[in-house]
Structures are given as C-alpha cells and as structure tokens.
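Asker: One structure coming up, written as structure tokens, with questions to follow.
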C-alpha cells in the first residue's frame, strides 16, 4: 500500500509539471491609433534666494591667544547687518606673561606680574607674604607698600572699559532689534 501511495504522488507531481510546461500560451492581438494635438503657453518665473546676513568668522582655535571672538548678524527682507569683534582677556595675558618669566628663572618678577591684579595683591598680603616692591621682598616690601599706598594695584580702567564696551554692544543689539521691528 505504501508503494502504491508513493507511486500515485509521483504520478500526480509529474503530471502537474508536464501540464504546466506544455500549456498553450494565451495570445491577444490589438491595434490602436491615436493623434494628440497640444497647444499651450509656458511661463518661467525665477525666484531669487532669500537675503542673508552672514556673521564674520573670528578664528580663536589657537589656545595660545588671550582673545574671545564675538560676532552676530541680523537680516530682514530689505536690510542685513553683520559685525564682529575680539575682546582681550587681560587676566589670561597676565598669566601667560608670568609663566614665561617664571620659566626664564625670574621668580620674583613672575610674582610681581601676578601682583598687578588687586585680588592677588590682597591675597598675598593676607597670607603674610607681601608682593615684591622694586626688588625688595618680605617685611621691607610691606613697609614700602604701606608708605606708597597710591602704587598699590586698583581695579583697572581696562576692566571698566571692557564693561563699557559690552554695554555698547548690548545697545547695538537692541538698536538692531528695534530696526527689525520697524521694518
């Protein structure tokens, strides 16, 4: 019985395979003719790209610079404004100068450079190690500083100028925004 079932399955499989292989194809024939006539006009409109104000790039990738770059831009449909500037970091300059002088072996001169900052001057005084005064150190320097109070470092006018410059930049940004609102 198993042999008969196997033979039947093989016979059905072979019959289906041959019938699919030798089947007649379906053929359709058609013919069509068409004429197309088109009349039209074309119009091309070129639109310009939107106006753009591009901020100037200020490269500060060198870590040996003591400057910070500031730039900005504002653009409307009619007017564009851009600008940029650099701001010196005086404390960074002081640190670099002091390190260079120290590396040359002039330790007292390096400390003197750092003592130009009022915060360092006060810290050295509070620690009991006053800043050098024209080559004198220790108690002799403290006596000279006490006698010449006007020579002690004060808040520098450069810091005041820097703050004024930042206020001026803020006013410029405000004026630009007002101009934008009016347009």
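Asker: Which condition from (1) surrounded by 16 or more Cβ atoms within 10 Å (Cβ to Cβ); (2) in contact with a helix residue (DSSP H, G or I) (Cβ under 9 Å, 6 or more places away or on another chain) is the one that residue 141 breaks?
Answerer: Residue 141 satisfies all of (1) surrounded by 16 or more Cβ atoms within 10 Å (Cβ to Cβ); (2) in contact with a helix residue (DSSP H, G or I) (Cβ under 9 Å, 6 or more places away or on another chain) except (2).
Asker: Given the structure, is residue 166 at pLDDT below 85, surrounded by 11 or more Cβ atoms within 10 Å (Cβ to Cβ), more than 30 Å from residue 54 (Cβ to Cβ) and under 31 Å from the mean Cα position of the chain (by Cα)?
Answerer: no
Asker: Assess whether residue 110 counts as being surrounded by 14 or more Cβ atoms within 10 Å (Cβ to Cβ) and modelled with pLDDT of 80 or more.
Answerer: yes
Asker: Hey, another quick one. Looking at 80, 135, which one is under 30 Å from residue 54 (Cα atoms) and exposed (fewer than 15 other Cβ atoms within 10 Å of the Cβ)?
Answerer: On inspection, the qualifying residue turns out to be 80.
Asker: Which of the residues that make up segment 1-29 are at pLDDT below 70 and part of a loop (DSSP other than H, G, I, E, B)?
Answerer: 1, 22, 23, 24, 25, 26, 27, 28
The values are calculated or read from the model by the stated rules, or taken from the named source; none is laboratory data. Every value quoted in this text rests on a predicted model; they were computed, and no experiment measured them. For neighbour counting, all protein chains shown are included, and Cβ atoms are generated from backbone atoms with ideal geometry for every residue, glycine included.
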